[in-house]
Every structure is written in structure tokens, then in C-alpha cells.
1. Restricting to helices (runs of 4 or more DSSP H) lying wholly in region 338-422: which have 2 or more residues that are in contact with a Ser or Thr (Cβ under 8 Å, 6 or more places away or on another chain)?
2. Asp259 - would you say it is without any contact (Cβ under 8 Å) to a residue 60 or more places away in the chain and among the acidic types (Asp, Glu)?
3. Might you check whether a residue that is at pLDDT below 90, under 24 Å from Glu231 (Cα atoms) and of a type outside the set (Asp, Glu) occurs anywhere in region 98-112?
4. Is it the case that some residue within region 228-250 is modelled with pLDDT under 85 and open to solvent by 60 Å² or more (accessible area, probe 1.4 Å)?
5. How many residues does region 78-118 hold that are among the β-branched types (Val, Ile, Thr) and in contact (Cβ under 8 Å) with a residue 60 or more places away in the chain?
6. Evaluate the following for Arg82: is it within 16 Å of Ile369 (Cβ to Cβ), open to solvent by less than 30 Å² (accessible area, probe 1.4 Å) and in contact with a Ser or Thr (Cβ under 6 Å, 6 or more places away or on another chain)?
7. Hey, among Ala93, Ala69, Ala35, Ala47, which residue is at pLDDT 85 or above and either among the aliphatic types (A, V, I, L, M) or surrounded by fewer than 22 Cβ atoms within 10 Å (Cβ to Cβ) (or both)?
8. Please tell me if Ile314 is touching a residue at least 24 places away in the same chain (Cβ under 8 Å) and in contact with a Ser or Thr (Cβ under 9 Å, 6 or more places away or on another chain).
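The values are calculated or read from the model by the stated rules, or taken from the named source; none is laboratory data. As the structure is a computational prediction, the values presented were derived from the model and not from experiment. Glycine gets a Cβ as well: all are built from the backbone with ideal geometry, and neighbour counts include every protein chain shown. Side chains are part of the model used for accessible areas, which takes the heavy atoms of the whole protein and leaves out ligands, DNA and RNA. Shrake-Rupley method; radii C 1.70, N 1.55, O 1.52, S 1.80 Å.
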Amino acid sequence: MPTFVDSYSVVAQTEPPKFHMSVAPQSGSRGQFHAVAAGFLGWTLDAFDFFVVVFLFDSLAAQFHVTKAAIVATLSWTLLMRPVGALIFGLLADRYGRRIPLMANVIFFSVIELLCGFAPNYTVFLVLRILYGIGMGGEWGVGASLAMEATSTRWRGVLSGILQNGYAVGYLLAALAYRFAFPAWGWRPMFWLGGVPALLALYIRAKVPESEAWRRNRAPSTSGVLRAVGEQWKLCLYLLLLMTFMMFLSHGTQDLYPDFLQSKHRISAAMVSYIVILGNVGAMVGGIVFGELSNRAGRRLSLVAALLLSLAVIPLWAFGVSLTALAAGAFLMQVGVQGAWGIIPAHLSELSADATRGLVPGLAYQLGIVLAARTPVVEFSLRDRVGYNWALAGFEIFTIVILGIAVAFGPERRGRSFVEPAPVETTVSP
């Protein structure tokens, strides 16, 4: 099978890669644990702060005397600003190390989230959510690079899955806060709770070591980082395509599904919430299982396997006729979707050049979400033409097929060392 050749190196998947499988200096140590914990907690708390708004549409609209659509618009602005954060904090991470930019990022988004709870009017709230988007966009790339560089090649796959599961855990924590904190205290303390992550900066400062991979491969200047990005422009375009369709995959299966269950199947809101929780449990299972599988079978093969699982359960997920079938479909769909996502932190880190690992994965990730931001709008418009079942199913079938092709013909550098220099370019024959 021919493979996409980037400007650094690609290996054919007919046999295990020949890269030097060295173990990171902190592997098996407390340093490895703390680095992964910092990345996981940062992404968990970042997701929590984002999803708080999702649960407060009506309350915020009433508080600020605006329409519900105006509050929903703040989510769009947050998403649009995420690439800005990825660019700023990614450049800082590649130039000055992972720890300090990650600490600055965590403090920044925590303070902004705290201030949201004091917003006196809609204008101030909107500005704060725009600023929050910068903080949210910066966390994933910096946290993932720190975690993956501290991890031994043996555990990189499963820890990649655990790291990515922080997003699902953050969603669940926001749901729990809405269930228990909101009825007791109202909407403002929901945002004040978002200030707690600032304490994570103290943990990073005290426990997390700087990345040895960054120390050995750092670019001499910011312009050097940007030159390295330019040298791998073909790979950057590929990663942007990959991340855009990965966003189609996740948001296409998640954003409208609660509404689909309620409006199409007349399932109660309480039961829908349980199905969503079940789906998040499936997401966490899939992230770990397929993350570990990718360490053994390869990133590309495992990604394709996760996609095939999602494709196979579409009849249950979109066309199930009973509550049991729909619940099973929701669970298995997210096992596949988030199973694929669990491989992404390791896969993107391994593909990126040593000097750009803080910038390129995070920027591709955040640009992908911007390009895929209208996914629910597209699916909702298709509903009126082909019905709700086929609107969701057809969109995801198209997404999975294109994504599967992109992955199958794409590059892979599984198990490469982050400490040793990247291997020289290799030409691969079909």
C-alpha cells in the first residue's frame, strides 16, 4: 500500500518500524507520572470550563437579558479563538520549554473563567469568553507534548488514550456541577469553580520536570520554529485534513444526538442524560483500549479498526428501534470514536518535527475544530431533506470513509524516540 511521504520520514507498515525505541529519561519514574497527570488534569479542567456554558444557556440569557442564540454565539467565539491560543502557547512551548507555558496557560484560563462568574453584563461576558478561547486553545498542544515526551515508548499508546479522555471527564464533571452546584448556588459559582484549576500550576511547578526531548532538540529562536514548520508544510496540511475529519467524527456523533433521541424517539430528558453518560463511559473505555492497541498493532491500523467499529454500529446508533438498541449504539459508537481519538496525541506527536512538537499538533487540532464548527448545522439541515436518521448516519458514513482513506494512506512513525534526533528521510516504495 503506498503511503503519504512527509518531509521528515515515513515508514512502510509491512513490518514494525525501525526507529530507535529508546525510553524517555523519566519513563517508569515519578516524572513520567506527573507529566501525564498534568496534561490529563489540564485538559479535563479546560473541558470542564468550556462545557459549563453549555448547561447554562437559559440561565445566562435570562441574567443578561439577551436571546438564547446570543449565549450560544459565545461558544462559537470561544471555538474561533482556539487556534490563536494554540499558536501563541505552542510557539512559547517550542521556544522556552513546556512547563512554564503550561503553567501560564492554566493560570490564564482559570482566571478568565473565574472572572466570568463576576460578569455584570453580556458584553463583558462575551469578551471574557473570547479570551477564554485563547486559553483553551493553548492547553492541548502544550500538555500533550509534555506528556508524550515524558512517556516511554512502551506506555505511549495507552497514556495517549488516558490523556485524551480528559475531555470526556471534563464534560462529566461539568454535568455533575450542574446537577449539584447549580440548584444550590446558582450560575455564578459554576464559573467560580472554574478558577480552581489555577492550583494545577503549583503542582506543575513542584512536581513536573522539564522535557528532556525539548532540551535536546529546541530551536535556537522563534523564527527557527517557524522555519521548521515551513519545512514540513505538506505534513501540516495532512494533519489539518486529518483533524478536520476527526472533528467531523466526534461532533457529528455527539452534538445533535441528545436532540435526536428526544425529538425522533420521544425519549425523556432524564433517560437521554443517562444515555449520554453511557456514551462517555464508552469513550473512556475506547480511548484506553485503542490507545494500547496502537502501541502493539500500529497507529494507522488501530485508527482504522476504531473507525470500522463506528461504521459497524451505525445501524444501532442511528436506526435502533428500542431503547436498549439505541443505548448500546451510543456506547459502542463512542468506544470507536474516542478509541480513534485516544491514538491522536501519540500519533501527532510522533509525526511532528522535534522543534515544532509544541506548536504543530495543537494548531492542527484547533484549526480542525474551527473548520468543523458547522457540523451540527449541516446535519440539522440534512434532517429536513433525508430525515434525522439518515442525516446523522449519512454524514458519519461519508466522514468515516474519507477519514479511513486518509489514515490508511498517511504516514506513521510509531515508537520513534523524542530524545534522539529524528531519523533521516526515507523513500517508501508501494
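1. Passing ranges, in order: 360-371, 388-408.
2. When the stated conditions are applied, Asp259 passes them.
3. yes
4. If we filter region 228-250 for residues that are modelled with pLDDT under 85, which is where we start, we get none.
The answer is no; no qualifying residue exists.
5. The number of residues fulfilling the criteria is 3.
6. So Arg82 fails the test.
7. Numbers: Ala69 fails: at pLDDT 85 or above; Ala35 fails: at pLDDT 85 or above; Ala47 fails: at pLDDT 85 or above.
It is Ala93.
8. When the stated conditions are applied, Ile314 does not pass them.
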